[in-house]
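Since every read-out is calculated from the coordinates, none of them should be taken as a lab result. This one's a predicted model, so the numbers in the text were calculated from it and none came from an experiment. Positions of Cβ are generated from backbone atoms using ideal geometry, with glycine treated the same way; all protein chains shown enter the neighbour counts.
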Amino acid sequence: MVALSRVGFMASTDGSFMWIFGVLEGQSFFLPLIAIIIAGGSMSEEYEHGTADILLSKPITRMEYLSGKFLGGFSVLAMIEALTTFVGVVLSLVLFGSQSSLQFSPLMFLAIVYSSLVFFCLSFMLSEVFRGSTLAMLAALGTLFASSIIGGILSLIGDPAYIYAVRGVPTWAAGNFPSLLLSEVMTAPGVLPSADPTALYEAALIIAAYAIIFTVIAAFRLLKSDVTKKTA
């Protein structure tokens, strides 16, 4: 999913850009998985434990409740992403020595946080729609795996129309936005993909579109449905 090749990366650099590889490596699977786990239980656990009706009986609106759950879960995810970014940089310094362009590591972190909105919002929506943590997580994981497989197949076909269609797959924007952004602001031949402003803007818009659509569906479900005391 990430636009960096392990073999090509190792062969084309002297190790001074290994921090990029270290930071992005976890984004291919680990961070989407963490996003799905955190968001998958954010709403549904309250229904499963029978606390949703208690919380909503307090002097807060349903939108305030939804916003609090979303921001709380996303803050936890951002903290984990900050930790993985820090560890990736530190390990690169320890194992490969001095690193180049480390001033862009905060930008890398922000790009990863933004990219994670796709699967966080997807799992958050499914958590509210299904109101069951296990089902929500399984559905989100299925979407992650299916998107990866479909994206790979479409890319292998080689037809320009199919290659362009890959950009509509959730994993494309979520996986490539950080490296596309870095390719615009720094030079690292053989490490980052060639600068492509069109692809960068498309990835940013696709992430925003998915995040908005999924969040709106979750809000609509909460606002327009009854809150049960407890689900089995």
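Things worth noting here:
- Rounded to the nearest 10 degrees, the inclination of helix 105-115 to the longest alpha-carbon principal axis of the chain is 40 degrees.
- Net charge dipole size for the chain [Lys, Arg +1 and Asp, Glu -1 on Cβ; Debye, nearest 20]: 500
- For the chain, averaging the sequence separation of C-alpha pairs within contact (under 8 Å, six or more residues apart) and dividing by the residue count gives a relative contact order of 34 percent.
- The chain: calculated mean residue ellipticity at 222 nm from DSSP helix runs of at least 4, using -39500 (n - 2.57): -24000 deg cm²/dmol
- Angle in degrees between helix 170-185 and the longest Cα principal axis of the chain, rounded to the nearest 10: 40
- Footprinting exposure proxy ranking of Asp159, Asp53, fewest other C-beta atoms within 10 angstrom first, gives Asp159, Asp53.
- Crossing angle, helix 62-96 versus the chain [Cα axis fit, 0-90 degrees, rounded to tens]: 20
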